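The values are calculated or read from the model by the stated rules, or taken from the named source; none is laboratory data. Remember, predicted model here, so these are calculated numbers, not experimental data. Cβ atoms come from the backbone with ideal geometry, glycine included; neighbour counts cover every protein chain shown.
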Amino acid sequence: MKRFIKAVGTGPHGSRDLTVDEAHEAADLILSGASTPAQTGALLVSIRTKGEAGEELEGFLRAGRERMKTRSLSNGTPFDGLDIGDPYDGHTRYPGISFPAALLASRAGLPIVLHGYPDLPAKFGIGHVDLWNALGLSVATPENAMDRLLSEGIVCLSQGNLIPEWAELRPLRKELGLRTVMNTVEKCVNPLNMRTMAVGYFHEVLAERLFRILETTYPIHRIHLIAGSEGSVDLYPHRPTRWNGPQWEPLPKTLSLPKNLPPLPTLPPDAGSHARFVREILSDRTHPHQDLVRHMAAFFLLMAKRHSTIESALNALSPVKVTLPS
């Protein structure tokens, strides 16, 4: 670890990027417990300060995927569904729209996988696992995830049982309080090997290298990078949202919702408030954010090639009234 810390942490005139193999080895030392907390913190902060190289992201992603408890299920042909890779540190300003939209799109026949882990920096916001638990739903385990996906159409996995070695780093990450390479990588693990991936991002400087890494890691998948609200895949209701889609498909560079949609409310930063908002949307056909959720769900269907136009996807969606899974 000292060798890797020296490589990335010497300073502006002496630091260098780690190669893919070096980053993979460093991540493996961290996840195996061979790295001390001080060494792990030093490496993560040094990479953050230097700037994350694509090779470093790829090495950490490879190490994380190798330790996934669902890896045996993820080999072979991708499953025809959608993996939503939202930031695990969640939403702090507005409620997440991708969550109720995912429930709606799953009822239209699109299998959807959510994943996350609560109480993480830098935002310490409300993420998918927080909402799933607050709604009284049971998080899937690596052993039953695929069966539940087939029967219920949507599942949520927690990093705590998906990559427990990674989850054990939460106390250290909270002490640092910073976004690190792990924030970028963990949302990209695609635990059940869905054919289509929608990954949220915030920093435009990372977009090109992240897209390249995902295409290398998932060469036969359909990858979408979306610069949505708070780094999520949530489309902005008031302006176009940047969209980087599969390079072999003629897609627009932005996604736009209908004009004059009402702004999202500001909610207290607790899971209960966000869960109540989701329940209201799902149970009330006259909810003011009905159109926003339906359009978000329609874009999910479009990304997964279930429909060729937004109009046909919208026609396939009933007005929002969804029974929550068990």
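Going through (1) out of contact with any His (no Cβ under 9 Å at 6 or more places or on another chain); (2) outside the structural domain of residue 191 (by TED's automatic domain parsing) one by one, residue 59 falls short only on (1).
Scanning segment 112-138 for residues that are over 16 Å from the mean Cα position of the chain (by Cα) and on the phi < 0 side of the Ramachandran plot yields a total of 5.
Considering only residues in segment 204-250 that are surrounded by fewer than 21 Cβ atoms within 10 Å (Cβ to Cβ) and of a type in the set (Asp, Glu), the one that is farthest from residue 24 (Cα to Cα) turns out to be 249. Of all residues in segment 1-33, those being in a loop (DSSP other than H, G, I, E, B), under 23 Å from residue 171 (Cβ atoms) and not small (Gly, Ala, Ser) number 1.
Can you tell me which residue in segment 129-170 is farthest from residue 272 (Cα to Cα), limited to those that are hydroxyl-bearing (Ser, Thr, Tyr) and in contact (Cβ under 8 Å) with a residue 40 or more places away in the chain? Ranking the candidates gives 158 first.
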